[in-house]
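Below: one structure, written as structure tokens.
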Ligand SMILES: NC(=O)c1ccc[n+]([C@@H]2O[C@H](COP(=O)([O-])OP(=O)(O)OC[C@H]3O[C@@H](n4cnc5c(N)ncnc54)[C@H](O)[C@@H]3O)[C@@H](O)[C@H]2O)c1
């Protein structure tokens, strides 16, 4: 199952699969096939008025600047921004003021280093959480307890236990919570308005037959050399940034094409198990989520998980043996088997595609990624469209098209949005289990009913992790 042994495999079935993946998406599907082919502008339902939700933004780095910040300002009014890096918080405050002034909103925008200042504010209804992964759960739980509705970026959790903790608080809170897996709402073209939603709808309608195997390719993770100790950049509160993770030196290396210096910090935190789970959780949060949804297994989990991986540093008992180099799996192939026999494979790359989801059923196959959806079930829609109810049921009776818009619609009717915590926790559990299996280098068994690893006490300890004193997550 090692990636290298798969790359050079050549066969006629591979050639035909390549053809299948190269089919152009259909040009004539819009309109009759997709009931929302021309979705109304959801933000029109949220005019500039006193009833717009008041928003506080926690974590305002890369993703916030280019995505969540502008998106949330289309629906609500931002009045506070918070970041443990003073440079980012200052920049975000300027961005908010400029954007809102253009719309005639002249709100004061306060700046904060400690998110609790935002949670204490009674005038703030909604928070966005766009911090690194190791902070998501703690801030989300405290926000729910403070009575805020929450939009939190994926991957929601660092461990399986964190997901259970969020659910235990959300259940009693009457709060609305959207996870930032926008593939559930967006990514399409004029012909097929939502690629992923359409794939899930086709699978649920039985157009592929019985789903037997789904493969998610999510890309290999970058590696680094040994990174030298460096001075903490001016304005960054390194202790607060580290949060629940162990105290360690700030390190800094070269700047790869991605544009951020190789550090443990901004953007590059993804490549350290201390703060994230590598590609397995970064992209797994998107594709594994869609895979389990399509399989109709989004409220359960696999029963066995096994795989192989290469790590950029030596691992012993699942623990990286070198301190200051990227440590998440570079290449991997994990097989998860569900109780009904269906298999979910999570790979860095597939011989026919680098990023995307291949769904194989007893009758047909379907490929989907952010750029296209291909396969016979899609073509068949021309002559045999899906009933509107299939999409309506999938999207909980609302119009898809804008993930943030879906959150704001749900704020009005107080329902849970399309990326609900419950199913996201299940997808993340699969990703975390995949990481536990490759870190320990052995097959693990999972009971999706009790939500525990079975017959392996050592592996079961990895369902949670020790949190630094003062930064524990308390429910
Ligand atoms: N949905 C998507 O497609 C998508 C895309 C990119 C990123 N993301 C997610 O968004 C999150 C942020 O990623 P990014 O690339 O913007 O990272 P980033 O490092 O650029 O930004 C994170 C920001 O959070 C700040 N921060 C850290 N701890 C904080 C705390 N306790 N309180 C307040 N601020 C804190 C950091 O200083 C930084 O400015 C990640 O979880 C990532 O997975 C999602």
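Figures for the structure shown
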read-out	value
The lone exception for residue 330 - which of (1) within 16 Å of the ligand (Cβ to nearest atom); (2) touching a residue at least 12 places away in the same chain (Cβ under 8 Å); (3) surrounded by 16 or more Cβ atoms within 10 Å (Cβ to Cβ) it fails	(1)
Which listed residue, of 460, 392, is closer than 26 Å to residue 302 by Cβ and either over 23 Å from the mean Cα position of the chain (by Cα) or surrounded by fewer than 18 Cβ atoms within 10 Å (Cβ to Cβ) (or both)	460
Any pair with Cβ under 6 angstrom, 6 or more apart, that starts in region 83-103 at a residue that is in contact (Cβ under 8 Å) with a residue 12 or more places away in the chain and under 15 Å from residue 56 (Cα atoms) and ends at one that is more than 13 Å from the ligand (Cβ to nearest atom) and not in a helix (DSSP H, G or I)	93/109; 96/78; 96/109; 97/109
Region 235-259, subset surrounded by fewer than 17 Cβ atoms within 10 Å (Cβ to Cβ) and in contact (Cβ under 8 Å) with a residue 40 or more places away in the chain, residue farthest from residue 320 (Cα to Cα)	235
Considering residues of region 99-125 that are within 16 Å of the ligand (Cβ to nearest atom) and assigned to a loop (DSSP other than H, G, I, E, B) only, the residue nearest to residue 70 (Cα to Cα)	109
Given (1) closer than 21 Å to residue 443 by Cα; (2) surrounded by 22 or more Cβ atoms within 10 Å (Cβ to Cβ), number of the condition residue 272 does not satisfy	(1)
Selected residue (only one of 394, 366 is at pLDDT 95 or above and in contact with a strand residue (DSSP E or B) (Cβ under 8 Å, 6 or more places away or on another chain))	366
Test: residue in region 420-441 that is more than 23 Å from the chain's Cα centre (by Cα) and under 28 Å from residue 327 (Cβ atoms)	yes
Residues within region 56-78 that are part of a strand (DSSP E or B) and more than 15 Å from the ligand (Cβ to nearest atom), tallied	1
Elements of type helices (runs of 4 or more DSSP H) in region 126-225, at least 2 residues being within 11 Å of the ligand (Cβ to nearest atom) and within 24 Å of residue 326 (Cα to Cα)	133-145
Unmet criterion (only one of (1) in contact (Cβ under 8 Å) with a residue 60 or more places away in the chain; (2) buried (at least 18 other Cβ atoms within 10 Å of the Cβ); (3) within 11 Å of the ligand (Cβ to nearest atom)) for residue 264	(1)
Answer from 89, 96 - the residue that is within 14 Å of the ligand (Cβ to nearest atom) and either in contact with a strand residue (DSSP E or B) (Cβ under 7 Å, 6 or more places away or on another chain) or assigned to a strand (DSSP E or B) (or both)	89
Residue 291 vs. criteria under 18 Å from the mean Cα position of the chain (by Cα), surrounded by 20 or more Cβ atoms within 10 Å (Cβ to Cβ) and within 21 Å of residue 458 (Cα to Cα)	no
Residue ranges of strands (runs of 3 or more DSSP E) in region 303-417 with at least 1 members farther than 26 Å from residue 210 by Cα	304-310, 331-337
Count of region 463-475 residues which are over 24 Å from the mean Cα position of the chain (by Cα) and either touching a residue at least 60 places away in the same chain (Cβ under 8 Å) or surrounded by 17 or more Cβ atoms within 10 Å (Cβ to Cβ) (or both)	1
Scan of region 59-90 for residues that are buried (at least 16 other Cβ atoms within 10 Å of the Cβ) and more than 21 Å from residue 405 (Cα to Cα), ordered by number	61, 82, 83, 84, 85, 88, 89
Criterion violated by residue 378 - all others in (1) crowded, with 19+ Cβ neighbours inside 10 Å; (2) touching a strand residue (DSSP E or B) at 6+ places or on another chain (Cβ under 6 Å) satisfied	(2)
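The values are calculated or read from the model by the stated rules, or taken from the named source; none is laboratory data. What you see is a predicted model; the values in this text were computed from it and never measured. Please note: Cβ atoms are built from the backbone with ideal geometry, for glycine as well, and neighbour counts cover all protein chains shown.
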